[in-house]
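The structure under discussion appears below in the form of C-alpha cells.
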Amino acid sequence: MGDEVEIRGSRGQGEITAGEDVFPRRRTPSSPEAVIRPALEARDVDKRYGSVVALEDASVSVAEGECVALVGESGSGKTTLLRTFNRMVVPDGGTVWVEGRNVGEADPIELRRNVGYVQQEGGLLPHWTVLKNASLVPRLRALPDAEDRARSALSLVGLDPETFGARWPRELSGGQRQRVALARALAGRPRVLLLDEPFGALDAITRSELQSAFGDLVGRLGVTVLLVTHDLREAAMLADRIAVLHTGRIEQIGTPEALTREPATSYVSRLLGQAGLA
Ligand code: ADP
Ligand code: MG
C-alpha cells in the first residue's frame, strides 16, 4: 500500500488513512457523456412549507469527484436542498438526478443505501455501540461483511475499531462522534456523500483538525461530495466550488476565487466581507 496517505492532527490524534484496498477509487469515465454528466444535479427546484418558500428555482450540479459547498445563513434552504438528493425532501417542482437517475422515480430506500448521508448533529443512535452505528448501512443491505466494512470505515476516519468499537456515543468527544457519523456514511462505500454541517458543533481546534483530515480523505477517495455549511471560510477551504443560497435562491455558484474576484450580487459581497474573504 505504497499509495497510502496519512494525516495527523496537531494533537497527534487520529490519523485518517485511505488505502485502495478498503474503498473503490473513482472509476475512469468510459465515454465522453460520462465525463460531462454530473454525479448530482438539481434543476429548477421549488419547495414550500405553507407560506414559507424554502427553495425557489434552485439549480446546482456536482461533477463526479467534485466537492461543492452549499453556503448560506440559517434558514436559507441548505438542508432542504441537500435532502432532495436522497428524497428525504420531495420538491414541489423541478427535477433532481443522482448519478443520472431521476430521484423522483427512484426507490427511496435503495437510493438512501447508495448515497452516504451525514445529517446535522450526526444522528448517531445513542443506545447503539460505535461499531453497530458504523455498520448500519451495510447491515441494512444485509451484507455478510457489514462489521468488517464498519471497522475499515472507522480506521479510515482515524478511530481504532478495537479501542472505540464497543463504546457508546456518549463516551466520545464531539469530534470523535462526528468521525463515527462520517464512518457510518462511508461504510456503505458510496460514490456520493451528502454532508450537513458535519463540523458545525465542534470547537475551533477540533474543527480545523477534522476539516483538514476530511479534505485529504475525500480527495483520496475520489468521492463526490455536496457539503452544507454556514461557514464560508470552511467552504473556501474544502470545496472546489461554492453555491451561495439566500432565502431559497442560489445567488452564485463558482470557485472560491471566482466568488472573491467577481461577486454576482451585493449579498455575496456582504457574505464574503463578513467572512474576511472580500
Ligand atoms: P438551512 O438548512 O439553510 O438552515 P432549511 O433548509 O432547514 O434551512 O430551512 C429552510 C426554510 O424552510 C426555513 O424557513 C425553515 O423553517 C423551513 N422548513 C424547513 N423544513 C421545514 C418543515 N419540515 N416544515 C416547515 N418548514 C420547514
Ligand atoms: Mg440546515
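The values are calculated or read from the model by the stated rules, or taken from the named source; none is laboratory data. Here the structure is a predicted model, which is why all the values come from computation and not from measurement. Here the Cβ positions follow ideal geometry from the backbone for every residue, glycine too, while neighbour counts run over all protein chains shown.
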field: For GLU234: the one exception among (1) of a type in the set (Asp, Glu); (2) surrounded by 18 or more Cβ atoms within 10 Å (Cβ to Cβ); (3) without any contact (Cβ under 8 Å) to a residue 40 or more places away in the chain
entry: (3)
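Please verify whether ALA106 is surrounded by fewer than 16 Cβ atoms within 10 Å (Cβ to Cβ), among the aliphatic types (A, V, I, L, M), farther than 21 Å from PHE199 by Cβ and free of Cβ contacts under 8 Å to residues at least 24 places away in the same chain, treating the condition exactly as stated.
No: the conditions fail for ALA106.
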message: So, ASP145, is that one of a type outside the set (A, V, I, L, M), farther than 22 Å from ALA275 by Cα and free of Cβ contacts under 8 Å to residues at least 24 places away in the same chain or not?
response: yes
- prompt: GLY215 versus (1) at pLDDT below 95; (2) buried (at least 20 other Cβ atoms within 10 Å of the Cβ); (3) more than 16 Å from ALA153 (Cβ to Cβ); (4) away from ligand 2 (no atom under 16 Å from the Cβ): which is the lone unmet condition?
  reply: (2)
statement: (1) assigned to a helix (DSSP H, G or I); (2) under 14 Å from the mean Cα position of the chain (by Cα) all hold for VAL225 apart from (1)
task: Tell me, please, whether a residue that is surrounded by 18 or more Cβ atoms within 10 Å (Cβ to Cβ), closer than 13 Å to ALA42 by Cβ and modelled with pLDDT of 95 or more can be found in segment 70-77.
output: yes
query: Say we look at segment 53-63 and pick out the residues that are among the small types (Gly, Ala, Ser) and in contact with a helix residue (DSSP H, G or I) (Cβ under 6 Å, 6 or more places away or on another chain); which of these is nearest to ligand 1 (Cβ to nearest atom)?
result: ALA54
message: So in segment 174-217, with the set limited to residues that are within 16 Å of ligand 1 (Cβ to nearest atom) and touching a strand residue (DSSP E or B) at 6+ places or on another chain (Cβ under 8 Å), which one is nearest to VAL98 (Cα to Cα)?
response: LEU194
query: Got a number for residues in segment 112-151 being hydrophobic (A, V, I, L, M, F, W, C), away from ligand 1 (no atom under 16 Å from the Cβ) and touching a strand residue (DSSP E or B) at 6+ places or on another chain (Cβ under 7 Å)?
result: 1
message: Looking at segment 194-206, I want the residues that are in a helix (DSSP H, G or I) and have a partner that is away from ligand 1 (no atom under 13 Å from the Cβ) and not hydroxyl-bearing (Ser, Thr, Tyr) with Cβ atoms under 7 Å, at least 6 apart or on another chain. Which pairs are those?
response: THR206/GLY174; THR206/GLY175
query: Can you name every residue in segment 64-105 that is away from ligand 1 (no atom under 15 Å from the Cβ) and part of a helix (DSSP H, G or I)?
result: VAL103, GLY104, GLU105
